[in-house]
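Can you read through this structure? Questions will come right after.
Readers should treat all values here as calculations from the given coordinates under stated rules, not as data from a laboratory. Source: prediction; values computed, not measured. Here the Cβ is made from the backbone with ideal geometry for all residues, glycine too, and neighbour counts use every protein chain on show.
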Amino acid sequence: MQFGYFTLSDNHYQDDRRSANQFVADIIDEAVYAEEVGLHSAWIGEHHFSTLGVLSCPDLALAFVAARTRHIRLAPAVTVLPLHHPIRAAEQWASLDLLSGGRVDFAAGRGYDRREYRPFGVSFEDNQAIFEEGMEVVRRLWSADEPISHHGRHYHFDEVAITPRPVQRPIPSYVASFSQPSIELAARLGCNLIVAPFAAAMTYGGLRQVNDLYRETCLRHGQSPGRPMCSYFIHYADNPAEEAAARARQIRYYNECVIAAFPGDPRTAPPSYRYFVAMVERLRQVRPQDLTDNSVLIGSSAQIGEALKKVEAAGFDEVILYFNVGLKPHSQVKDEMARFMAEVAPSFANPFAIG
């Protein structure tokens with residue numbers, strides 16, 4: 001199992017003195033440092049118009065990282081595809097694949113914050129259909145040797161071929177999933193799958209159940225199961241005081257960042273987001289002592305490694321780790337990244353493998 005660096009660039013905290021610009025600079029430094037300590041990948045989220053996430057252009061951020069690294073895989077976490085025309089998305093990520101020497105992994109999803117949709121004039125209520133059609137178009141453009149035409153419900157064009165072509169044909173693609181329709185889409189398109197363990201636990205019961213459903217769905221669609229991966233919050237804690245602080249930090253993140261962004265109001269959540277209503281209600285009730293390795297890694301290297309062995313047993317190929325969650329200081333984030341790769345990663349097969 002391999003490991004990556006992951007961030008959603010949340011900076012939405014009371015009494016937060018860290019500017020958005022400073023946090024973006026920290027994230028870039030951490031992503032470059034990820035290669036130095038031997039992490040396999042760097043995954044940077046896309047968010048718009050609020051401090052719930054302050055990095056709007058992961059493609060540009062990752063291009064900066066690409067110029068300063070040689071091996072690390074580069075990925076959005078995730079591209080909110082309905083906010084982008086699929087032709088433009090295909091061009092941007094193909095260009096980064098070329099510039100990085102074929103190191104891009106492309107992950108896309110619908111997002112979950114209605115406020116990110118309004119300024120772009122895109123329908124939040126219809127974003128599932130927009131996303132599915134856009135994902136098909138992007139992958140066709142990467143794979144086609146000749147110009148293609150497309151006449152769908154949301155996108156129409158004739159005789160388009162993108163340049164430059166990606167080095168990888170096609171670029172490995174992931175669908176981000178909180179729900180069964182997203183798993184269906186990943187399986188139908190032959191895409192890999194990326195999930196959040198806390199959502200998997202609430203929706204399906206756990207990571208093993210998600211992977212089983214994904215594999216079954218792939219086979220039903222006549223596709224070979226792809227590569228499942230997941231994200232994890234992570235906090236080192238070597239004594240009771242550090243553990244209490246880590247648990248409080250994680251609860252603060254849920255209360256101030258996650259609940260504020262998720263479509264949890266039953267009066268306004270579109271049908272395709274109804275499952276978020278129950279998820280938000282459960283998050284409101286989570287106490288520090290309720291946090292388990294179904295959602296977050298907290299403890300010593302031995303404890304973290306033991307929890308990740310369960311993820312490996314559930315059939316997951318990679319875990320991307322959210323070190324900089326909850327206003328954790330930049331220096332502490334880098335210390336924890338180095339410690340993880342020195343003390344935990346070596347107990348897994350080929351932790352430093354590139355590609």
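For segment 275-292, indicate whether the set of residues that are surrounded by fewer than 19 Cβ atoms within 10 Å (Cβ to Cβ), of a type outside the set (S, T, N, Q) and within 30 Å of Y33 (Cβ to Cβ) is non-empty.
yes
Considering only segment 231-249, state which residues are polar (S, T, N, Q) and buried (at least 20 other Cβ atoms within 10 Å of the Cβ). So that I can check it myself, show each step before the final result.
Of all residues in segment 231-249, those polar (S, T, N, Q) come to 231, 239.
Within segment 231-249, S231 is the sole residue that qualifies.
So which strands (runs of 3 or more DSSP E) are wholly in segment 124-237 and hold at least 3 residues that are free of Cβ contacts under 8 Å to residues at least 40 places away in the same chain and more than 28 Å from D113 (Cα to Cα)? Working first, answer last.
On the way: elements: 148-151, 156-160, 173-177, 192-195, 228-236.
Answer list for segment 124-237: 148-151.
Quick check on segment 245-261: of everything there that is free of Cβ contacts under 8 Å to residues at least 40 places away in the same chain and within 22 Å of the chain's Cα centre (by Cα), which residue is farthest from A196 (Cα to Cα)? Can you show your working first?
Restricting attention to segment 245-261, the residues satisfying the condition of being free of Cβ contacts under 8 Å to residues at least 40 places away in the same chain are 245, 254-255, 258-259.
If we keep only those that are within 22 Å of the chain's Cα centre (by Cα) as well, we get 254-255, 258-259.
On the way: Y254: 14, N255: 17, V258: 13, I259: 15 Å.
Going through the qualifying residues, I end up with N255.
Going through G264, G226, G206 one at a time, which residue ends up being of a type in the set (G, A, S) and more than 19 Å from the chain's Cα centre (by Cα)? It would help to see each step written out before you state the result.
Details: G226 fails: more than 19 Å from the chain's Cα centre (by Cα); G206 fails: more than 19 Å from the chain's Cα centre (by Cα).
Checking each option against the conditions leaves just G264.
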